[in-house]
Amino acid sequence: MCSGSDTWGDLAPGCHFPDLRLKDHVGNERSLSDLAGGDPVLLHFYRGWWCPKEQAYFRKLLRLQDEAEVAYTRFVSVSVDTPQESAAFRAGLGARWTFLSDQGRRWVHELGLLETTDSSHNPYVPTVFVLRPDLQIHASFNGYWFWGRPTNEELRQAFREITRSIRPDWHVPRK
Amino acid sequence: MSCWLAVCDTTPRDAVAAATFTADDDAGGVLAAWDGHSAPVPGAVKVDPRCIDVNGEAAWVSLVLAAPGTWLLFDDIVVSHAIRAVLAGPPVDVVSTFVIGDDRFVGALTAVHGDDRTRLGHDPFAAIFRARLIRVGAGLLGRTPTPVGPMTQRYGAANPWPWDRFPDPFTPDGVHPARHGIGDAPLC
């Protein structure tokens, strides 16, 4: 058991996130560690394409995408939608990051992120994690209520803190 | 160490991988790949090493190459725009930009295995320099992971996109994890 805030048990800041293996929106199996590479990661669990709250939150992330594309930072969004649904949703949004499909609902149970109040879709509880490249959780946000989700400014601050700690040349090298 | 690719008339003896190609609109030839710190032959360009696999199947390739002496800065807005379009567009099996020097964009390779060349109908790089649709034989092109996104930048100015990480100071060979443990193919 990882110690930390007990909001999410083993998914609290300071713990390491499990190395998920899921199909991406193209249908290729991907591991979270490989998707992270050596960069900070926004790991975003969402209910599904059909939820208006998710559509609203994605519109926020799309604005951040234009900064992240030059900031050595990666985004990964996970839902129980099929890869085909994820691909169509992603294309419609104009998102240029990786979507993962937990269609079989393996990880939603293992992570304890099942939204039990929706027995129709059995989706993820909307949750956002900011991860270090080694998948250590830097910050987590419970988005069950929409205002629990991180603002883009909170995400910028988290990415700045991680980047400052992992890039040895954060302080400009001097000859 | 970089991975280099060049169009040749015959198979170079020192290449780590090579395959013949045919083209509808032009003479065929050989596409060859090398490891090395400098260009092995005139006209060679740096390519994402994950593209190269001696066990790779034949592929249809959209080969975009600038005319000799022609280039754009990699940071040119048309290059950035094309990369965004690749990230947002339909998936392909292999993609890499071509780089020379530290900052010069000179084209791209986009490929699909199998017989369906229509999957190459969307090649954003074809709007920048001349594109040729060629059929490359087996033994050269593998599969590159779908770029994670939304990154459009190079990891080190001299490296081609979508190569996606800085050298790991804890990995002596600096080899991308995705290049380890894939069959026994000698790779760039």
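The values are calculated or read from the model by the stated rules, or taken from the named source; none is laboratory data. Here the structure is a predicted model, which is why all the values come from computation and not from measurement. In this analysis, Cβ positions are derived from the backbone assuming ideal geometry, glycine residues included, and neighbour counts consider all displayed protein chains.
Considering only region A:23-31, I want to know if a residue exists there that is touching an Asp or Glu at 6+ places or on another chain (Cβ under 8 Å), surrounded by fewer than 23 Cβ atoms within 10 Å (Cβ to Cβ) and more than 26 Å from A:Thr116 (Cβ to Cβ). Within region A:23-31 (the criterion being touching an Asp or Glu at 6+ places or on another chain (Cβ under 8 Å), surrounded by fewer than 23 Cβ atoms within 10 Å (Cβ to Cβ) and more than 26 Å from A:Thr116 (Cβ to Cβ)), the answer is yes, since at least one residue qualifies. Do the conditions hold for A:Val108, that is, is it more than 8 Å from chain B (Cβ to nearest Cβ), in contact with a strand residue (DSSP E or B) (Cβ under 6 Å, 6 or more places away or on another chain) and modelled with pLDDT of 95 or more? Yes: the conditions hold for A:Val108. Residues in region B:9-32 that are in contact (Cβ under 8 Å) with a residue 24 or more places away in the chain and closer than 13 Å to B:Val136 by Cα: B:Ala17, B:Ala18, B:Ala19, B:Thr20, B:Phe21, B:Thr22, B:Ala23, B:Asp24, B:Gly28, B:Leu31, B:Ala32. Does region B:84-94 include one or more residues that are away from chain A (no Cβ under 14 Å), modelled with pLDDT of 95 or more and part of a strand (DSSP E or B)? No: zero hits. Residue count for region B:29-77 under the criterion of being in a helix (DSSP H, G or I) and either farther than 28 Å from B:Thr118 by Cα or out of contact with any strand residue (DSSP E or B) (no Cβ under 7 Å at 6 or more places or on another chain) (or both): the result is 2. Selection over region B:108-141 of residues that are within 23 Å of B:Val54 (Cα to Cα), crowded, with 24+ Cβ neighbours inside 10 Å and touching a helix residue (DSSP H, G or I) at 6+ places or on another chain (Cβ under 7 Å) gives a count of 4.
Contact map, region A:87-104: first residue within 13 Å of chain B (Cβ to nearest Cβ) and within 20 Å of A:Val41 (Cβ to Cβ), second residue of a type in the set (Val, Ile, Thr) and surrounded by 22 or more Cβ atoms within 10 Å (Cβ to Cβ), Cβ cut-off under 6 Å, separation 6 or more or different chains; pairs are A:Thr98/A:Val76; A:Thr98/B:Val148; A:Leu100/A:Val78.
Yes or no: region B:96-113 includes at least one residue that is within 12 Å of chain A (Cβ to nearest Cβ) and closer than 23 Å to A:Ser33 by Cα. Taking every residue of region B:96-113 in turn, none turns out to be within 12 Å of chain A (Cβ to nearest Cβ) and closer than 23 Å to A:Ser33 by Cα. Taken over region A:83-101, the criterion of being closer than 16 Å to A:Glu54 by Cβ and either touching a strand residue (DSSP E or B) at 6+ places or on another chain (Cβ under 6 Å) or crowded, with 22+ Cβ neighbours inside 10 Å (or both) is satisfied by A:Ser86, A:Phe89, A:Arg90, A:Ala95, A:Trp97, A:Phe99, A:Leu100, A:Ser101. Among the residues of region A:22-39, those that are within 7 Å of chain B (Cβ to nearest Cβ), more than 14 Å from the chain's Cα centre (by Cα) and either in contact (Cβ under 8 Å) with a residue 12 or more places away in the chain or part of a strand (DSSP E or B) (or both) comprise A:Val26, A:Gly37, A:Gly38. Evaluation of A:Trp50 against the conditions (1) surrounded by 14 or more Cβ atoms within 10 Å (Cβ to Cβ); (2) more than 8 Å from chain B (Cβ to nearest Cβ) shows that the sole unmet condition is (1). Within region A:53-76, the set of residues being hydroxyl-bearing (Ser, Thr, Tyr) and either free of Cβ contacts under 8 Å to residues at least 24 places away in the same chain or facing chain B (nearest Cβ under 9 Å) (or both) comprises A:Tyr72, A:Thr73. Scanning region B:114-158 for residues that are in a loop (DSSP other than H, G, I, E, B), within 19 Å of B:Val99 (Cα to Cα) and charged (D, E, K, R), we see that the one that is farthest from the other protein chains (Cβ to nearest Cβ) is B:Arg130.
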